[in-house]
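Participant: Take a look at the following structure, please.
The values are calculated or read from the model by the stated rules, or taken from the named source; none is laboratory data. Remember, predicted model here, so these are calculated numbers, not experimental data. Cβ placement follows ideal geometry from the backbone for every residue including glycine, while neighbour counts extend to all protein chains displayed. For accessibility, only protein heavy atoms count, side chains too; no ligands or nucleic acids. Shrake-Rupley method; radii C 1.70, N 1.55, O 1.52, S 1.80 Å.
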Amino acid sequence: MAWWMDWWMDWGMAMLICFAGGAAGWALADQVDRRCASTRPRQRPALAGATALLCLTMAVEFESIVTAAAFCVLCAGLVVLSAIDLHTHRLPREVSYSTLALGA
């Protein structure tokens, strides 16, 4: 196998998972906005950045793409649940159950 194919399989896929995690965090910020009375303009990029960083960590840590994807789903759900919990001191069942089902 060529050197660039090895590089792509390692770091290219990790960057792709990081980008997908950031996009998921950006999209899931709507759940936080919907559940919380106050919206903060800097909250969406912070959630996207935290989710992207956690997904990058999972992609580097686990070699299997399926395992990394499952942990990325769990990380994205936990970031959203943490943000909702910080604002409302409650964890909505809809987000908890859907995160659990998708991660399993």
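Participant: Please find, in a Gaussian network model of the chain (springs between Cα atoms separated by less than 10 Å), the residue of Val66, Val79, Val32 whose mean-square fluctuation is greatest.
Facilitator: Top of the fluctuation ranking is Val66.
Participant: Relative contact order, percent, of the chain when contacts are C-alpha pairs under 8 Å separated by at least 6 residues?
Facilitator: 28
Participant: Let me ask something else about it. Can you give me the % of accessible surface on the chain that is carbon or sulfur? Probe 1.4 Å, all protein chains present, nothing else counted.
Facilitator: Carbon and sulfur: 67 percent of the exposed surface of the chain.
Participant: Also: So what is the calculated 222 nm ellipticity per residue for the chain, using -39500 (n - 2.57) for each DSSP H run with n of 4 or more, over all residues, to the nearest 500 deg cm²/dmol?
Facilitator: Taking each H run of at least 4 residues, the total per residue is -26500 deg cm²/dmol.
Participant: Cysteines without a disulfide-compatible partner in the chain, using Cβ under 4.7 Å as the rule?
Facilitator: Lacking a cysteine Cβ partner under 4.7 Å: Cys18, Cys36, Cys75.
Participant: A further question on this structure: Only Lys, Arg, Asp and Glu count, each charged at its Cβ (+1, +1, -1, -1), so figure out the dipole size of the chain about its Cα centre, rounded to 20 debye.
Facilitator: 600
Participant: Tell me the per residue accessible area of the range 14-99 using a 1.4 Å probe; a whole number in Å² is fine.
Facilitator: Counting only protein heavy atoms, the per-residue value for the range 14-99 is 61 Å².
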